[in-house]
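Visitor: Before I ask anything, here is the structure I am working with.
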Ligand code: NAP
């Protein structure tokens, strides 16, 4: 990589940022596309978000990703916010405009693009969404946007499931989200579902944990996405597969949220071939050998 007076800088603000894969995505994209752009992680403390955003703008930082725990806290310091990001209440990408940054959420379009590459449908599907945290709330919005038939939202804390269902149903003026306690999964109507695992259960190093351990549950799953990508195959995914379903992990979601951010910053479309190449680099970085 040759850095000179014309190099554009992009980066990630979060806390912590040490284990991020985003530099792998963006620096390889820039290299592959022969673009004079460098991407670096920036550690930003909770009480310095405003200074960080204003400082980045003053330094002409071309684009930023935002990760936990700043995805919502950064919003008041933006000049503009995209409608989907506003509904989700979280941004992960800042694009430089004339008067400040505009915030986007590329996590959900990233998940959708990842699912499309694996021929997973959401439109018209009956969905089981596991979790009611930040990721699950955003997935619930995506299901609504994409016209899922119905969404059973199961969470350990029933209060949180009810709160997310009420909020998202309210935004879309529909009652498609049905909140349930995780322990009530046996009451799910007998049919074939798309299941989206959006809890943190099963994340490394707790690789033997699974959010629902009863085997019967997995007979209802036709396709499944686990948002976790470390381990590469979670216990949840292996149980889905053992019962004849298809399952994918969250690595492609991470890849495509990055690619969509890169496309917004550089006004380009990244080819499927390049996406595959970057995915390979991410797997190398994670030491994944299939
Ligand atoms: P979060 O806001 O902390 O939510 C955590 C969720 O997990 C809550 O619903 C929580 O239930 C549930 N949970 C935690 N421990 C549990 C247990 N022992 N039993 C049952 N449920 C449990 O986290 P988040 O930001 O939504 O992220 C969720 C997952 O998505 C994480 O693993 C994250 O790595 C992954 N993610 C992946 C990507 C990607 O690009 N692939 C992007 C974003 C997130 P309660 O409400 O009952 O506590």
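Visitor: Taking the convex hull of the alpha carbon atoms in segment 109-249, what volume per residue do you get, in Å³?
Guide: Convex hull of Cα atoms, per residue: 97 Å³.
Visitor: Just need the relative contact order of segment 219-274 here, percent rounded to a whole number, with Cα pairs under 8 Å and 6+ apart.
Guide: Relative contact order for segment 219-274 comes out at 32 percent.
Visitor: Which of these, 160, 252, 83, has the largest mean-square fluctuation under a Gaussian network model of the chain (Cα springs below 10 Å)?
Guide: Checking each option, the largest mean-square fluctuation is seen for 83.
Visitor: While we're looking at this one, here's another question. Computed over the Cα atoms of segment 101-148, what is the ratio Rg over Rh, Rh following Kirkwood?
Guide: On the Cα set of segment 101-148, Rg over Rh gives 0.98.
Visitor: Determine, for each peptide in 33-46, 139-152, the mean count of other beta carbons within 10 angstrom over its residues, then list the peptides with the highest first.
Guide: The most tightly packed comes first, giving 139-152, 33-46.
Visitor: Hey, got the Cα dimensions of segment 184-290 along the principal axes, in Å, largest first?
Guide: Taking max minus min along each principal axis of the Cα atoms, segment 184-290 gives 48, 28, 22 Å.
Visitor: A further question on this structure: Kindly state, to the nearest 0.05, the FRET efficiency for residue 184 paired with residue 276, given R0 = 45 Å and r defined as their beta-carbon distance.
Guide: Working from the Cβ atoms, E equals 0.65.
Visitor: Next question, about the same structure. Quick one: divide the alpha-carbon radius of gyration of segment 1-50 by 2.2 N^0.38 Å and tell me what you get.
Guide: 1.27
Visitor: Looking only at 244, 186, 134, which one moves most when the chain is put into a Gaussian network model with springs between Cα atoms under 10 Å?
Guide: Of the options given, 186 has the highest mean-square fluctuation.
Visitor: Would you please put 197-209, 108-120 in order of how densely packed they are, using the mean number of other Cβ atoms within 10 angstrom per residue and starting with the highest?
Guide: Going from most to least packed, we get 108-120, 197-209.
Visitor: Further question on the same structure: How compact is segment 239-284 by the rule of thumb for globular proteins, expressed as Cα Rg over 2.2 N^0.38 Å?
Guide: 1.46
Visitor: Gap in Å between the Cα centre of segment 36-87 and the Cα centre of segment 219-252?
Guide: Going from one Cα centre to the other spans 32 Å.
Visitor: Using a Gaussian network model of the chain with C-alpha springs under 10 Å, which one of 156, 32, 246 is most mobile by mean-square fluctuation?
Guide: 32
Visitor: Could you check the simple spin-label distance between residue 1 and residue 118, using points 7 Å along Cα→Cβ, in nm with one decimal?
Guide: Spacing of the two 7 Å Cα→Cβ label points: 2.9 nm.
Visitor: What is the Rg over Rh value, at two decimals, for the chain, using alpha-carbon atoms and the Kirkwood definition of Rh?
Guide: Using only Cα positions, Rg/Rh for the chain is 0.98.
Visitor: Taking 2.2 N^0.38 Å as the expected size of a compact globular protein, what ratio does the Cα radius of gyration of segment 136-198 give against it, to two decimals?
Guide: 1.03
Laboratory data are not the source of any read-out in this text; all were calculated from the coordinates shown. Note that the structure is predicted; figures quoted are calculated from it, not measured. Cβ: placed from backbone, ideal geometry, glycine included. Neighbour counts: every protein chain shown.
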